[in-house]
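Down below is the structure, laid out as structure tokens.
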Amino acid sequence: MINVYGYIRVSSRDQNEERQRIALRELAVPENHIFMDKQSGKDFERPFYQHMVGLMKKNDLLYIKSIDRLGRNYTEILEQWRILTREKEVDIVVLDMPLLDTRKGKDLMGTFLSDIVLQILSFVAENERTNIRQRQAEGIAAAKAKGVRFGRPALPYPDNFGETYRAWRMKKITLRQAADACKMPVGTFYEKARKFENSV
């Protein structure tokens, strides 16, 4: 008996998976055979994907909405495609790209065309991921150039910091005692002490 599966991936908890889920329901994929991971597509270390692959047997069918839902790493997409179609002998259908339907054209020419389309789409998916990272880096650099600060704002020095710092510097108290007096971890006190030195 052929089992039908559907795979959904969204890159974060904020991203809506409903579009992918609706597409799979329209194909009557059983609800208990729809697997979803909420994490990046940079690799295939995804618990639900791995569980699904472990369940699959020869001639089973896997639906995915688009190739970038499978992943975004060009090399790893090709490797997973090879594992699924050649080793496990599973059929894959990419809904947004009808040419990527391994049920069609199982002859040499059909396989050749499918492989070419897959390689192009996989490259496009990874290239987009690279472009997103580059745009993020450029955006951060531009914001920093305008004086935008990232991260949590530094906590102000406690009222007793100057006095405690001097006592520590004069070796009247230990680093641990100084940190405790200022109600902060040792590392935080030490880091603030270095900044304090440079500011006075």
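Take LYS144 and MET170, extend 7 Å from each Cα along the Cα→Cβ direction, and tell me the distance between the two endpoints in nm. My value for the distance between the label points is 4.0 nm.
GNM on the chain, alpha-carbon springs under 10 angstrom: the most fluctuating residue among LEU175, LEU70, LEU24 is LEU175. Bin width 10 Å, origin at 0, all Cα-Cα pairs of region 4-132: what percent of pairs per bin? Percent of Cα pairs in each bin: 13, 47, 35, 5, 0. Label sites at GLU89 and GLU18, each approximated as a point 7 angstrom past Cα along Cα to Cβ, lie 4.1 nm apart. Taking a sphere under 13 Å around the Cβ of LEU61 and counting the other residues whose Cβ falls inside, with K and R at +1 and D and E at -1, yields a net charge of +1.
Projecting the Cα atoms of GLY54, LEU118, MET36 onto the charge dipole of the chain, computed from C-beta unit charges around the Cα centre, puts MET36 farthest toward the positive end. Here the dipole of the chain is about 1220 debye; that uses its Cα centre as origin and unit charges on the Cβ of Lys and Arg (positive) and Asp and Glu (negative). May I ask you to derive the FRET efficiency for GLU163 and SER40 from their Cβ-Cβ distance with R0 = 45 Å, giving the value to the nearest 0.05? Calculated transfer efficiency: 0.40. Residues ARG46, ARG82, ranked from the fewest to the most other C-beta atoms within 10 Å, line up as ARG82, ARG46.
Peptides 25-34, 55-64, ordered by how many other C-beta atoms sit within 10 Å of their residues on average, highest first, read 55-64, 25-34. In summary, the lysines within cross-link reach of LYS58, defined as a Cα separation below 26 angstrom excluding same-chain residues under 8 places away, comprise LYS88, LYS104, LYS106.
Listed by chain and number, the aspartates and glutamates whose alpha-carbon sits under 15 Å from that of LYS183, ignoring those within fewer than 8 places in the same chain, are ASP159, GLU163, GLU191.
In this structure, ARG135 and GLU79 have a Cβ-Cβ separation that, at R0 = 30 Å, corresponds to a calculated FRET efficiency of about 0.65. With the simple spin-label model, which puts each label point 7 Å out from Cα in the Cβ direction, the ILE120 to MET1 separation comes to 4.0 nm. When the alpha-carbon atoms of region 36-82 are used, the pair Rg, Dmax equals 10.5, 28 angstrom. Please give me the summed charge of the neighbours of ASP180: other residues whose Cβ is under 15 Å from its Cβ, Lys and Arg +1, Asp and Glu -1. With Lys, Arg at +1 and Asp, Glu at -1, the net is +3. Ignoring aspartates and glutamates fewer than eight residues from LYS57 along the same chain, the ones with Cα atoms less than 16 angstrom from its Cα are GLU87, GLU89, ASP91.
Every number here is computed from the coordinates shown, using simple stated rules; none is lab data. If you're wondering where the values come from, they're calculated on a predicted model, not measured in any experiment. When we count neighbours, we look across all protein chains shown, and the Cβ atoms used for this are built from the backbone with ideal geometry, even at glycine.
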